[in-house]
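Below is one structure, written out as structure tokens, with a few remarks after it.
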Amino acid sequence: MPIRKKDTARALGLLEEYCTKLRRPEEQQLKTAIQRVMGIFKSNLFGALLGESLKHNRYTKLLSFK
């Protein structure tokens, strides 16, 4: 299943929502890890890789129709 930008945006939104619910001291390590993942999702590199993935998937589908 190809990765789509809207799926990534939805995942980011869900992670942000979940992260706001982590308040207890024992949850801080998990919160930090989630914030790192969110940072990766927001990075230019991830966006570029996602863009390349989308282009590759479209190209592959185009070739399969020939």
Pair A33, A11: separation of 7 Å Cα→Cβ label points (nm): 1.6
How do L15, L30, L22 stack up against each other in accessible area, from largest to smallest, with a 1.4 angstrom probe? L30, L15, L22
Three principal axis lengths of region 1-44 [C-alpha, angstrom, descending]: 37, 18, 16
Could you state how much accessible area E17 has, in square angstrom rounded to the nearest 10, with a 1.4 Å probe and all protein chains kept in place? 100
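The values are calculated or read from the model by the stated rules, or taken from the named source; none is laboratory data. As the structure is a prediction and not an experimental result, all values here were calculated from the model. In this analysis, Cβ positions are derived from the backbone assuming ideal geometry, glycine residues included, and neighbour counts consider all displayed protein chains. Calculation scope for accessible area: heavy atoms of the full protein, side chains included, ligands and nucleic acids excluded. Shrake-Rupley method; radii C 1.70, N 1.55, O 1.52, S 1.80 Å.
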